[in-house]
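Enquirer: Supplied in structure tokens, the structure appears directly below.
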Amino acid sequence: MRLSKELPESGVRVMADRRDFGRFIGSAKCEHDRAACLGCLLSVLMFMVGAAVTAAGVTSDREVGTVGRFVGVGLLVLSVVVPLGTRVWQELKGPPATVFHCFEHGFVLTHGPEVRALPWSEARVSSFREATYSPHGGVAEPVEWADVRTREGETLYAVGGEAAEQIAATAAADELPRAAHRLARGGTVVYGSFALSTEELFLDGTPLPWREVRQVESGSQAVRVYRTGTPDRAVHFTAPRRQTPYDSVVVALSQTYISAHRPPGPRAPHGQHPDCHCATTGGPPDRADEPSGR
């Protein structure tokens with residue numbers, strides 16, 4: 001699924017403006033109902049065939065022309081009735097789908113007449129990669145998912161595909177400067193099994209000084225911690241990525257403090273991962289909100 005760039009209704013935009021959510025990123029909408037797509041396709045086909053048969057019936061002899069006109073007109077009528085019937089069926093089949101409107105500093109959820117708005121500072125977003133089974137057998141290519149919850153753990157929305165990556169990136173960009181600001185003031189930020197301070201990385205409550213942390217990385221399924229003085233790929237600690245909100249923030253902040261506590265010597269350029277030279281920091285300017293934590 002991709003985020004739709006179509007602007008949401010005015011009520012959603014007004015609510016986002018009042019909460020200072022900033023720039024509109026996109027909306028995650030449910031895929032089109034298969035029955036609706038089929039109804040529209042049949043409507044177009046019946047209209048085309050009905051028009052052709054009706055036109056042929058006009059120029060044919062009396063007996064064949066009467067049958068042709070009857071069939072043609074019937075198809076033309078059905079081309080209008082079918083989409084209307086599909087629409088009625090959609091209204092009666094159940095409640096409307098939830099739509100996730102993503103903004104730079106928050107999001108708005110709409111579910112029919114119900115509307116709920118939250119800043120990213122009051123939510124936590126977990127990303128994970130999950131393989132689904134193909135309808136033709138076998139395992140399909142893994143898909144990236146984003147799980148949006150409140151700080152209390154209530155699930156608000158889950159989405160897969162490109163929309164998941166965009167939502168997770170937007171939320172992380174908002175969270176990173178807020179977490180860095182809190183750490184700079186001497187505080188601690190908590191993300192699942194990880195707690196970070198300027199001096200130590202806590203792993204399920206066990207402190208590990210930054211000078212003893214060699215690397216923190218996030219894979220498709222887990223966040224891994226490597227300790228100094230151990231073999232290159234010997235993992236010291238692992239936590240499921242799905243249970244680690246803002247795993248990219250954990251990695252970015254970790255690299256900052258690993259570099260800060262590393263003995264003097266060659267270092268990667270500021271703002272880059274020391275191994276792959278990819279950017280580890282970014283996002284909007286600092287905001288006063290507290291980090292979401294877990």
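The values are calculated or read from the model by the stated rules, or taken from the named source; none is laboratory data. Everything numeric in this text was worked out from a predicted model, so none of it was measured. Cβ coordinates were reconstructed from backbone atoms using ideal geometry, including for glycine residues, and neighbour counts include every protein chain displayed. With ligands, DNA and RNA removed, areas are computed over all heavy atoms of the protein, side chains included. Shrake-Rupley method; radii C 1.70, N 1.55, O 1.52, S 1.80 Å.
Enquirer: Is it the case that E162 is at pLDDT below 95, within 23 Å of C102 (Cβ to Cβ) and among the acidic types (D, E)? Before you say what the answer is, go through the steps one by one.
Expert: Working: at pLDDT below 95: yes; within 23 Å of C102 (Cβ to Cβ): yes; among the acidic types (D, E): yes.
Spelling it out, E162 is indeed at pLDDT below 95, within 23 Å of C102 (Cβ to Cβ) and among the acidic types (D, E).
Enquirer: Being over 27 Å from the mean Cα position of the chain (by Cα) and at pLDDT below 95: is that true of P284 here? Reasoning before the result, please.
Expert: Working: over 27 Å from the mean Cα position of the chain (by Cα): no; at pLDDT below 95: yes.
The answer is no for P284.
Enquirer: Restricting to region 219-252, count the residues that are assigned to a strand (DSSP E or B) and open to solvent by 50 Å² or more (accessible area, probe 1.4 Å). So that I can check it myself, show each step before the final result.
Expert: Going through region 219-252, the residues assigned to a strand (DSSP E or B) turn out to be 222-227, 235-240.
Subsequent filtering for residues that are open to solvent by 50 Å² or more (accessible area, probe 1.4 Å) retains 224, 227, 235-236, 238, 240.
Residues that pass the stated criteria total 6.
Enquirer: Related question: Whether any residue in region 126-140 is closer than 30 Å to R178 by Cα and modelled with pLDDT under 85 is what I want to check.
Expert: As a first pass, look at region 126-140 and keep what is closer than 30 Å to R178 by Cα: 126-130.
Of the ones still in play, those that are also modelled with pLDDT under 85 are 130.
Yes, because at least one residue in region 126-140 is closer than 30 Å to R178 by Cα and modelled with pLDDT under 85.
Enquirer: So the check is Cβ under 9 Å with 6+ separation or different chains; which pairs have a first residue in region 140-154 that's hydrophobic (A, V, I, L, M, F, W, C) and a second one that's surrounded by 13 or more Cβ atoms within 10 Å (Cβ to Cβ) and assigned to a loop (DSSP other than H, G, I, E, B)?
Expert: Hits for this filter: V143/G161; W145/G161.
Enquirer: Moving to a separate point now. Can you find a residue in region 67-74 that is of a type in the set (K, R) and either in contact with an Asp or Glu (Cβ under 6 Å, 6 or more places away or on another chain) or modelled with pLDDT of 70 or more (or both)?
Expert: If we filter region 67-74 for residues that are of a type in the set (K, R), which is where we start, we get 69.
Okay, now just the ones that are also either in contact with an Asp or Glu (Cβ under 6 Å, 6 or more places away or on another chain) or modelled with pLDDT of 70 or more (or both), so none.
So far as region 67-74 goes, no, none of its residues is of a type in the set (K, R) and either in contact with an Asp or Glu (Cβ under 6 Å, 6 or more places away or on another chain) or modelled with pLDDT of 70 or more (or both).
Enquirer: Can you pull out the residues in region 202-242 that are out of contact with any helix residue (DSSP H, G or I) (no Cβ under 6 Å at 6 or more places or on another chain), among the aliphatic types (A, V, I, L, M) and in contact (Cβ under 8 Å) with a residue 12 or more places away in the chain?
Expert: L203, L208, V225, A239
Enquirer: Please go through region 152-195 and give me each residue that is out of contact with any His (no Cβ under 9 Å at 6 or more places or on another chain), of a type in the set (D, E, K, R) and surrounded by 20 or more Cβ atoms within 10 Å (Cβ to Cβ), ordered by number.
Expert: Within region 152-195, E175, R178 meet the criteria.
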